[in-house]
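Report on one structure; see the data block that follows.
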Amino acid sequence: MASESNERPDWFWELAVAMNAAFKGLLGSMGESGHICASVEPTPGEVDTEAGWESTVDRLSELVGPHVIDGDVVVVADKVTSAGLGRVGPRRVLADPDPKTVPAHRLPEIAAAWSKELGYQVTEQHLLLADEFGTDQATLGTDDPNLRALEIAAAVKRDHGVAVDVIISDTDTGIDTRTPIIGTLTIGASPIGATAGVNLYEAMRCAVAAEFARGHGRRIPAVVCRPAQRRAGRPNVGAERAYPGFLDASREGALTHA
């Protein structure tokens, strides 16, 4: 019987992991889970993203500082990091055409056109993360989510002496174009970058928990996830991930392993 189970196709296990992460993340947002996210604490506050990236990082550190202890996981909204990096464009990014309504094979062509117009790199993944910003603009996704997560974790350590993991997440999952943003199915929210102390499954759980805690219009740029004791002392908290760019399931080994 065990042999038959192990022979199930990869898509079966990817779906099982994504569903479990979504449900456990929802429970975590209610304070009714365990493991990497036993409970959550939203940290509301304004972030002046127009002041630039360094100011954005400093402000995020200031907001979460009073709430974190060693081993916590801080989940930051992609829209905040994108805007802080100046990765903002006109609202027509979302409608000329809407990236979520075109076939996946057209995304590279559209991304190249926006890269040329905006003067910074826009990839297919960035297009899928594009979101409304202000009255007439759109954000276009964090440039290097793993790097930016590391920079935020380093700021929290510098300012507060606390070692935390940081995840950058977004509500988009790529399901509209059947193009998983991180190379595996995600449900409800996608972790797009993270420091090294969380595996991909844990990042998925925290991203969903943070999304339920954050809501849509509550002005909560970051959410602190408090792990159960058995995961609070895990190795590599706040450390650099082994590769740059977006989280990538093909570079992670098994989804549930470090």
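Given (1) 17.6, 59; (2) 18.5, 55; (3) 19.7, 74, which label gives Rg and Dmax of the Cα atoms in Å as computed from the coordinates?
Among (1) 17.6, 59; (2) 18.5, 55; (3) 19.7, 74, the one derived from this structure is (1).
What percentage of the solvent-accessible surface of the chain, computed with a 1.4 Å probe over protein heavy atoms, is contributed by carbon and sulfur atoms? Mind dumping the intermediate values first?
On the way: 6150 of 11820 Å².
Whole-percent figure for carbon plus sulfur exposure: 52.
Quote the relative contact order of the range 105-258 in percent (integer), defining contacts as alpha-carbon pairs under 8 Å separated by 6+ residues. Intermediate results must be reported in sequence, preceding the final value.
Working: 239 pairs, mean separation 36.5, N = 154.
Over the range 105-258, the number comes to 24 percent.
Do any GluC sites (Glu not before Pro) in the range 42-140 lie in a loop, going by DSSP, with at most 14 other beta-carbon atoms within 10 Å of their beta carbon, and if so which? Spell out each step's value before the answer.
Numbers: sites: Glu46, Glu50, Glu54, Glu62, Glu109, Glu117, Glu124, Glu132; in loops: Glu46.
For GluC sites (Glu not before Pro) across the range 42-140 that sit outside H, G, I, E and B with at most 14 neighbouring Cβ atoms in 10 Å, the list reads Glu46.
R0 = 51 Å: FRET efficiency of Arg92 with Gln229, Cβ-based, nearest 0.05? If you can, show how the numbers build up before the last one.
On the way: r = 49 Å, r/R0 = 0.97.
The computed FRET efficiency comes out at 0.55.
Leaving out ligands and nucleic acids, note down the accessible area per residue over the range 115-215 with a 1.4 angstrom probe, in whole Å².
Numbers: 3410 Å² over 101 residues.
Accessible surface, normalised per residue, equals 34 Å².
Considering only the other residues whose Cβ falls under 11 Å of the Cβ of Ala249, what net charge follows from Lys and Arg at +1 and Asp and Glu at -1? If you can, show how the numbers build up before the last one.
Values: positive: Arg251; negative: Asp10, Glu14, Asp248, Glu252.
Here the charged neighbours net out to -3.
How far is the Cα center of the range 83-143 from the Cα center of the range 21-80, in Å?
Using only Cα atoms, the two centres lie 25 Å from each other.
Can you send over the solvent-accessible area of Ser39, 1.4 Å probe, protein chains only, in Å² to the nearest 10?
Taking all protein chains as shown, Ser39 has close to 40 Å².
Tell me the label-point distance for the pair Leu15, His105, using the 7 Å Cα-to-Cβ offset, in nm and rounded to one decimal.
Spacing of the two 7 Å Cα→Cβ label points: 2.6 nm.
Which loop trypsin sites (Lys or Arg not before Pro) in the range 182-234, with loop taken from DSSP, have no more than 16 other Cβ atoms within 10 angstrom of their Cβ? Intermediate results must be reported in sequence, preceding the final value.
Values: sites: Arg205, Arg214, Arg218, Arg219, Arg230, Arg231; in loops: Arg218, Arg219.
When the trypsin sites (Lys or Arg not before Pro) of the range 182-234 are filtered for loop state and at most 16 Cβ neighbours within 10 Å, Arg218, Arg219 remain.
Taking the Cα centre of the range 128-212 as origin, work out the dipole magnitude from +1 charges on Lys and Arg Cβ and -1 charges on Asp and Glu Cβ, in debye rounded to 20. Present the calculation step by step, with values, prior to reporting the outcome.
Details: 5 positive and 13 negative charges, 77 e Å.
Around 360 debye, computed over the range 128-212.
The values are calculated or read from the model by the stated rules, or taken from the named source; none is laboratory data. Keep in mind that what you see is a predicted model, and the values were worked out from it rather than measured. All Cβ positions, even for glycine, are placed from backbone atoms using ideal geometry, and neighbour counts span all protein chains on display. The protein model used for the area step is the full one, side chains on, heavy atoms only, and it has no ligands, DNA or RNA in it. Shrake-Rupley method; radii C 1.70, N 1.55, O 1.52, S 1.80 Å.
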